[in-house]
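One structure is given below, encoded as structure tokens.
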Amino acid sequence: MQAKLGAVHPTTGKGALMASPLLATQPAFSDLAKDFRDGSRSPRDYLELCIEAIENREGLVKAFTYYDFEQARERADASSRRYAEGRPLSPIDGMPVGIKDIIDTRDMPTEMNSSIFIGHRPLTDAACVRAINEGGAFAIGKTVTTEFAIGRSGPTTNPHNPEHTPGGSSSGTAAGVAAGMFPAGFGTQTQGSIIRPASFCGVVGFKPTLNSLSLNGVHPLSKSHDHLGVIADSVDDAWWLARWVSEYAPEQCHPGLSGPLQGPVAPGKPANLAVLRTNGFEDLDATSLSAFEQQLDALRLDGITLVEPENDPLLQALVDALHDAPERSLELLAYEMRWPFQDYVEKHPNMVGERIHGLMESASRMTRAQYRQLLIDQYQLKERLQALAGDYDAFILPAASGPAPHGFEFTGSRRLLVYSTLLGAPAFSVPRMTAAGMPFGLQLVGFPGQDYHLARQARWMTQRN
């Protein structure tokens, strides 16, 4: 049985997680599939555990903008009947799912933490929401996001310590999973907004290869950067949800994810890992860096070959090329945000936050030639990455610059997270470390299209002693 990673996870770092009554205690959803089939438990039973967690913890965690228990119970009951009749629709049948509030839901408001969209009710569901409905899963509610997933923070707190940020922008989804309010939910990442909050909240974050999951019905930021992904209580739950959405709501002109649609993710021990030791490591404090180095030492003892950039010229060339990746990423993001954000700024200037105003100002100073060069640079980075595909199973680096910062205005550095986004490569955050009594994730970055291979390695990492 997989551990409920929001509650307890292993670490080789010194110290331990601070105990918190806000953390999840129930098993991962995927662990209960057998119980659902033999009738010893039902999806309705599971949903009631989630509702109890919401009722007990939401007042302090503030993960939701909206939830609908009545609708959720109706759908859980329908799922329970299907299991009793031996005909579940999918491995996620009966799963309560948190929906980040930049994703359209016709049954619930989609407000995007923006005054412009207060009370907004889309006419249709986003493709990912429709996909989960077809698989028998259902939205338990809408989760807090930063403004349009790029601007001012929301009210959500970190269940490990409510005086700390849960990270942005998928804050509500990460905190909701960690608090046991639902086993998995959708997040989006345009720079670091799946991997970072998963790291801060001590749960699993999965950002698939660019365009593997449909973004239809998700408010856009940057065509070259936007990823839909999953934050979950286990690697299995993350994979099941992402894999189902990819199968039944594929992005246009993209093959989507490959790999099994059901059954546990088979753990896969990596043979060779490249340490992506970029200048982003400068953001790590001594305690966080020590925790990461201890992880590397433990992996070496497990017989895994870890290669540092100075020992591989091609790896060093990639690291060197990523030196100013965060700055280039932000320039691309700003330029591609002009639609629709320029209209928002011009028509509703007092209803848009300072960060978005600033990004639009930056975009106004860019030329088409500069944008074209940024795209060329991005393509060349992807070529450098692909040149290493035969040498390594994955890249390894911290999933954030340390544990969650105190307070809520600063949601954490994006530097170590931008790389996989700019490269369009799959990434996982798995909760393997602690620092200052708070969780701190280990990040695995794979090669585009090799998402299941990466998921197997992430699964292996979570079961290590």
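Laboratory data are not the source of any read-out in this text; all were calculated from the coordinates shown. On a predicted model such as this, the values are computed, not experimentally measured, just so you know. Quick reminder, even Gly has a Cβ in these numbers, built from the backbone with ideal geometry, and neighbours come from all protein chains shown.
Gyration tensor over the Cα atoms of the range 326-465: the corresponding equivalent ellipsoid has semi-axes (square roots of 5 times the eigenvalues, largest first) of 32, 23, 11 Å. For the range 46-97 and the range 221-244, what is the separation of their C-alpha centers, rounded to whole Å? With the range 46-97 and the range 221-244 each reduced to a Cα centre, they are spaced 19 Å. Remark: for residue pairs Lys34/Lys142; Lys100/Lys382; Lys207/Lys382; Lys223/Lys269; Lys34/Lys269; Lys62/Lys100, the C-alpha separation exceeds 23 Å in Lys34/Lys142; Lys100/Lys382; Lys223/Lys269; Lys34/Lys269. The range 403-417 and the range 248-316 have Cα centres spaced 21 Å apart. Sites counted here are GluC sites (Glu not before Pro) in a DSSP loop (not H, G, I, E or B) having no more than 16 other Cβ atoms within 10 Å; the longest part of the chain that contains none of them is 164-408. Among the trypsin sites (Lys or Arg not before Pro) in the range 343-387, those placed in a DSSP loop whose Cβ has at most 11 other Cβ atoms within 10 Å are Arg365. For the range 393-465, the Kirkwood estimate of hydrodynamic radius, built from reciprocal distances between every pair of different alpha carbons, is 13.0 Å.
Cβ crowding within 10 Å ranks Lys142, Lys100, Lys269, Lys34 as Lys34, Lys269, Lys142, Lys100, fewest other Cβ atoms first. Contact order, relative form, for the chain: 20 percent (alpha carbon pairs under 8 Å, 6 or more residues apart, mean separation divided by residue count). With contributions of -39500 (n - 2.57) from each DSSP H run of at least four residues, the per-residue ellipticity at 222 nm computed over the chain stands at -12000 deg cm²/dmol. The Stokes-Einstein estimate for the range 208-360, based on a Kirkwood radius over Cα pairs and taken at 10 °C with 1.306 mPa s viscosity, is a diffusion coefficient of 82 µm²/s.
Take the Cα coordinates of the chain, assign each an equal point scatterer, and use the Debye formula without solvent to give log10 I(q)/I(0) at q = 0.06, 0.07, 0.10, 0.12 Å⁻¹. Listed by q, the Debye log ratios stand at -0.22, -0.31, -0.65, -0.96. Computed on the range 208-261, the Cα convex hull volume stands at 82 Å³ per residue. In the range 27-69, the C-alpha radius of gyration followed by the widest Cα-Cα span (Dmax) gives 12.5, 36 angstrom.
Could you work out the relative contact order of the range 109-196? I mean the mean sequence separation of Cα pairs under 8 Å and 6+ apart, divided by the number of residues, in percent.
That works out to 21 percent.
Residue exposure proxy: Tyr371, Tyr335, ordered by other Cβ atoms within 10 angstrom of their Cβ from fewest to most, comes out as Tyr371, Tyr335.
Each of Asp77, Asp312 was scored by other Cβ atoms within 10 Å of its Cβ. Arranged with the fewest first, they read Asp77, Asp312.
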